């Protein structure tokens with residue numbers, strides 16, 4: 001029970017330390033993105049890639065934003081890795097998607113990318129290309145934010161309260177924050193299933 005208690009206590013500390021202005025700034029940029037009919041490209045590696053797939057669904061279905069992730073097409077992604085290399089795989093996918101200045105990149109990453117240490121180099125190259133194209137950049141990252149924090153128009157940092165739990169806390173709170181964003185009154189365009197079921201039946205939804 002000691003670890004369970006400490007993990008929950010750490011999570012509570014993180015909640016209290018989150019920069020709410022950076023979250024609101026990200027929401028504002030997403031509203032602007034939708035108003036100009038831009039596309040949202042969500043990038044992540046490892047757990048961040050899984051998050052990206054889930055978040056694509058939510059931004060499309062709940063927030064009415066056209067969204068995509070390179071890790072959703074495993075055939076194209078692995079072909080690019082095989083033929084062109086891992087480091088350029090996401091940047092070249094963005095080129096193939098004809099990234100434009102009215103589009104946005106959203107990064108899910110624990111470290112934010114570090115080219116010198118060859119950590120998530122494909123995210124760094126993708127962000128460099130996004131800057132060249134003038135696309136908006138947002139990130140939900142941990143540690144010091146890495147390259148993402150250096151170039152982002154809005155960067156939501158998950159505070160480090162225990163160096164032994166950086167990764168699980170960062171990835172856990174990434175899910176919390178993107179769900180916050182898609183349910184934000186300024187972004188939500190359609191009711192979610194169980195909320196709509198509750199309002200129509202008058203009874204709490206179960207299941």
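Condition first: surrounded by 22 or more Cβ atoms within 10 Å (Cβ to Cβ) and over 17 Å from residue 22 (Cβ atoms). Now tell me which residues in segment 134-146 satisfy that. Of everything in segment 134-146, just one residue is surrounded by 22 or more Cβ atoms within 10 Å (Cβ to Cβ) and over 17 Å from residue 22 (Cβ atoms), namely 135. Any chance segment 68-85 includes a residue that's in contact with a helix residue (DSSP H, G or I) (Cβ under 7 Å, 6 or more places away or on another chain) and closer than 24 Å to residue 164 by Cα? No, segment 68-85 has no match at all.
Can you report the number of residues in segment 60-76 which are buried (at least 16 other Cβ atoms within 10 Å of the Cβ) and at pLDDT 95 or above?
Taking segment 60-76 first, the residues buried (at least 16 other Cβ atoms within 10 Å of the Cβ) are 62-63, 65, 67-71.
Retained after the next criterion (residues that are at pLDDT 95 or above): 62-63, 65, 67-70.
The qualifying residues number 7.
The requirement of being touching a residue at least 24 places away in the same chain (Cβ under 8 Å) and over 16 Å from residue 182 (Cβ atoms) is satisfied by residue 43.
Among the residues of segment 147-159, write down those that are in contact (Cβ under 8 Å) with a residue 60 or more places away in the chain, part of a loop (DSSP other than H, G, I, E, B) and surrounded by 22 or more Cβ atoms within 10 Å (Cβ to Cβ). Give the derivation first.
Step one: filter segment 147-159 for residues in contact (Cβ under 8 Å) with a residue 60 or more places away in the chain, giving 153-159.
Imposing the further condition that a residue be part of a loop (DSSP other than H, G, I, E, B) reduces the set to 153, 158-159.
Matches in segment 147-159: 158 only.
When restricted to residues that are surrounded by fewer than 13 Cβ atoms within 10 Å (Cβ to Cβ) and within 20 Å of residue 100 (Cβ to Cβ), segment 1-45 contains 3. Residue 117 passes every criterion in (1) out of contact with any helix residue (DSSP H, G or I) (no Cβ under 8 Å at 6 or more places or on another chain); (2) surrounded by 23 or more Cβ atoms within 10 Å (Cβ to Cβ) apart from (2).
In the set (1) crowded, with 20+ Cβ neighbours inside 10 Å; (2) in a helix (DSSP H, G or I); (3) touching a strand residue (DSSP E or B) at 6+ places or on another chain (Cβ under 9 Å), residue 131 fails one condition alone, (1).
The values are calculated or read from the model by the stated rules, or taken from the named source; none is laboratory data. All figures in this text were calculated on a predicted structure; none of them were measured in a lab. Cβ: placed from backbone, ideal geometry, glycine included. Neighbour counts: every protein chain shown.
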